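The values are calculated or read from the model by the stated rules, or taken from the named source; none is laboratory data. What you see is a predicted model, and the numbers here were worked out from it, not measured in a lab. When we count neighbours, we look across all protein chains shown, and the Cβ atoms used for this are built from the backbone with ideal geometry, even at glycine.
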Amino acid sequence: MSYVITIDGPAGAGKSTVAKDVARALGINYLDTGAIYRAIALILYESEVKAVDDYIMREALSKIKIELRDKAVLVNGFDVTGEIRTPLVDELASMYSAIPSVRKALLSLQKEQENHGSIVAEGRDVGSVVFPNAQAKFFLTASPEARAKRRYDERVAKGKPADYSEILTAIIERDKNDSSREVSPLTIPEGAMYIDTSDITEQEAVQLILDKVKEVIPNEAK
Ligand code: DC
């Protein structure tokens, strides 16, 4: 039988690395829901669709086709995997993901991923809204400073320009957006195990999750 594991939490808590490693260890699929929000935000921005008119927004959304292929995200057939990882798209995704019609348009695409086998889904509302019946739920977080430091180190490692205080300000701003929006605000899903990664390594977080998964679904997760 297939199963769903959800990992929610704010930006920079280490969710992506942890979720990918958990999926790899269990030999199941990884679903990055943030990448879907990033892709839609990029195309809406490039098409100059503003949030103010819901009719125009829904019209635009009905013409956008997002596909997930392996590790790639395609928008209307174009691979945008590389383009969606920029500070501009960080901001755009946070902004557009607060719009109810955007969230509604992306819900079925996310839900249908469980038809392709067991998954580890990572996001902001995967345990509460997208997969409320998931077999194991986790909420990964860390202090804003620890998260900013992680993002800073990631950018430096990739040879990209990085400014710690700018990153910290952006993280605090995105937290505010993601937690205060009316639809699907970032919350700890009911029944989720809370993991603070400020003072533990990502590998330790992975192990905590694997131990819990083996405890709740021993027959599935070997
Ligand atoms: O995880 P991420 O940084 O790639 O997510 C990008 C943005 O998308 C983030 O600002 C919050 C939003 N998001 C969301 O609202 N719901 C999700 N399930 C995943 C991401």
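Listed conditions (1) more than 19 Å from the chain's Cα centre (by Cα); (2) surrounded by 14 or more Cβ atoms within 10 Å (Cβ to Cβ) are all met by Ile171, apart from (1). Here Arg155 passes the criteria (1) of a type outside the set (S, T, N, Q); (2) modelled with pLDDT of 90 or more; (3) over 18 Å from the mean Cα position of the chain (by Cα) except the one numbered (2).
Could you tell me whether Ile84 is within 14 Å of the ligand (Cβ to nearest atom), within 24 Å of Ser128 (Cβ to Cβ) and either surrounded by 12 or more Cβ atoms within 10 Å (Cβ to Cβ) or not polar (S, T, N, Q) (or both)? Before you say what the answer is, go through the steps one by one.
Numbers: within 14 Å of the ligand (Cβ to nearest atom): yes; within 24 Å of Ser128 (Cβ to Cβ): yes; either surrounded by 12 or more Cβ atoms within 10 Å (Cβ to Cβ) or not polar (S, T, N, Q) (or both): yes.
In short, yes.
Considering only region 11-49, how many residues are in contact with a helix residue (DSSP H, G or I) (Cβ under 8 Å, 6 or more places away or on another chain), under 29 Å from Lys63 (Cβ atoms) and of a type in the set (D, E, K, R)? Within region 11-49, residues that are in contact with a helix residue (DSSP H, G or I) (Cβ under 8 Å, 6 or more places away or on another chain), under 29 Å from Lys63 (Cβ atoms) and of a type in the set (D, E, K, R) number 2.
Does Gly77 fit the bill of being more than 26 Å from Leu140 (Cα to Cα) and not charged (D, E, K, R)? When the stated conditions are applied, Gly77 passes them. Tell me whether region 35-52 contains one or more residues that are acidic (Asp, Glu), within 13 Å of the ligand (Cβ to nearest atom) and modelled with pLDDT under 95. No: zero hits. Considering region 205-222, and only residues there that are assigned to a loop (DSSP other than H, G, I, E, B) and surrounded by fewer than 16 Cβ atoms within 10 Å (Cβ to Cβ), the residue that is modelled with the highest pLDDT turns out to be Pro218.
Mind listing whichever residues of region 111-121 are in contact (Cβ under 8 Å) with a residue 24 or more places away in the chain and either under 20 Å from Thr201 (Cα atoms) or within 16 Å of the ligand (Cβ to nearest atom) (or both)? Outline the logic, then answer.
Let us first name the residues in region 111-121 that are in contact (Cβ under 8 Å) with a residue 24 or more places away in the chain, namely 113-114, 116-121.
Answer for region 111-121, where residues must be in contact (Cβ under 8 Å) with a residue 24 or more places away in the chain and either under 20 Å from Thr201 (Cα atoms) or within 16 Å of the ligand (Cβ to nearest atom) (or both): Gln113, Glu114, Ile119, Val120, Ala121.
Residues being within 16 Å of the ligand (Cβ to nearest atom) and assigned to a helix (DSSP H, G or I): count how many of those fall in region 167-204. Adding up the residues that qualify gives 15.
Residue-wise test of (1) more than 19 Å from Ser94 (Cα to Cα); (2) among the hydroxyl-bearing types (Ser, Thr, Tyr).
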residue: Arg147; (1), (2): no, no
residue: Ala157; (1), (2): yes, no
residue: Tyr164; (1), (2): yes, yes
residue: Ser179; (1), (2): no, yes
residue: Gly191; (1), (2): yes, no
residue: Asp196; (1), (2): yes, no
residue: Gln203; (1), (2): yes, no
residue: Leu210; (1), (2): yes, no
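Just so you know, in region 1-28 the residues that are within 21 Å of Gly82 (Cβ to Cβ) and at pLDDT below 95 include one that is farthest from the ligand (Cβ to nearest atom), and it is Thr17. If we scan region 122-135, do we find a residue that is part of a strand (DSSP E or B) and near the ligand (Cβ under 10 Å from one of its atoms)? Yes, some residue in region 122-135 is part of a strand (DSSP E or B) and near the ligand (Cβ under 10 Å from one of its atoms).
Matching residues to (1) touching a residue at least 60 places away in the same chain (Cβ under 8 Å); (2) part of a strand (DSSP E or B); (3) of a type in the set (Phe, Trp, Tyr):
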position	(1), (2), (3)
Ile5	yes, yes, no
Ile36	yes, no, no
Ala39	no, no, no
Leu42	no, no, no
Tyr45	no, no, yes
